[in-house]
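*Asks:* Before anything else, here's the structure in question.
The values are calculated or read from the model by the stated rules, or taken from the named source; none is laboratory data. Owing to the predicted nature of the structure, the values given are computational and were not obtained by experimental measurement. Cβ placement follows ideal geometry from the backbone for every residue including glycine, while neighbour counts extend to all protein chains displayed. With ligands, DNA and RNA removed, areas are computed over all heavy atoms of the protein, side chains included. Shrake-Rupley method; radii C 1.70, N 1.55, O 1.52, S 1.80 Å.
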Amino acid sequence: MCEGKGFYLWLMQVIGLLGLIVLCLWLSLRPKSPSYSILFISLESPSSQNGTIFYSLEIENSNKDSSIYYDDILLSFLYGQQEDTVAQTTIGSFHQGTGKTRVVTEVINAKPGAFKPLLNAISNATAELKVALITRLRYKTWGIKSKFHRLNLKGILPIDSDGKLSRKKKKYPLSSRNNKKLGRVKAKH
């Protein structure tokens, strides 16, 4: 009878140790979400009707064991109490290797109806432009792809009177915990 208790005690210790090893492996290999930051933005109005937005977006994969496969990224610039869409663009799907950073720089045309009030606010004082980013992504760790993960990120960009991003910070990160009203932008996936 003593031998039976000793065996079961030993078996429980082995199962407990294996459980701790699996937990530690899971915690160390669980991938982190990529970080998105606006590095630069400039609003220009070459004519009285049309306007353009020049932006630079940094996408950083800080994972050392996981690469990332992105679906199309929908990037929207919003302004005003009603959060009118000033401009919108789609960044095509791509693969990002482990520990890599990608900078996307683009010029997009603004919608005249929403761009004019933004220009008026900029000429009067400092304005705030809101950014919304929506995408889906998959992680690839040790040759195995994960399920799709949805990202819905937001950010607020202070724009100076010259139409450029305020340089109070080196870069303005987008996060999922900013203004909840920004979540109205719908993904077309």
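*Asks:* Among the small types (Gly, Ala, Ser) and open to solvent by 50 Å² or more (accessible area, probe 1.4 Å): is that true of residue 62 in this structure? Full working, then the answer.
*Replies:* Numbers: among the small types (Gly, Ala, Ser): yes; open to solvent by 50 Å² or more (accessible area, probe 1.4 Å): yes.
Judged against the criteria, residue 62 is a match.
*Asks:* Additional query: Going by the structure shown, is residue 85 in contact (Cβ under 8 Å) with a residue 24 or more places away in the chain and part of a loop (DSSP other than H, G, I, E, B)?
*Replies:* Judged against the criteria, residue 85 is not a match.
*Asks:* Restricting attention to region 123-153, and to residues there that are more than 24 Å from residue 69 (Cα to Cα) and modelled with pLDDT of 80 or more, which single residue is most open to solvent (accessible area, probe 1.4 Å)?
*Replies:* The selected residue is 128.
*Asks:* Within region 1-55, take every residue that is touching a Gly at 6+ places or on another chain (Cβ under 9 Å) and open to solvent by 40 Å² or more (accessible area, probe 1.4 Å) and give me the one that is modelled with the highest pLDDT.
*Replies:* Ranking the qualifying residues of region 1-55, first place goes to 44.
*Asks:* Further question on the same structure: For region 88-119, give me each residue that is closer than 30 Å to residue 63 by Cβ, in a loop (DSSP other than H, G, I, E, B) and among the basic types (Lys, Arg).
*Replies:* Within region 88-119, 100 is the sole residue that qualifies.
*Asks:* Might you let me know whether region 13-26 holds any residue that is in contact with a Pro (Cβ under 9 Å, 6 or more places away or on another chain) and of a type outside the set (A, V, I, L, M, F, W, C)?
*Replies:* No, because not a single residue in region 13-26 is in contact with a Pro (Cβ under 9 Å, 6 or more places away or on another chain) and of a type outside the set (A, V, I, L, M, F, W, C).
*Asks:* Right, here's the next one. I want to confirm something. Restricting to region 85-118 and keeping residues that are open to solvent by 70 Å² or more (accessible area, probe 1.4 Å) and touching an Asp or Glu at 6+ places or on another chain (Cβ under 6 Å), which single residue is nearest to residue 133 (Cα to Cα)?
*Replies:* 90
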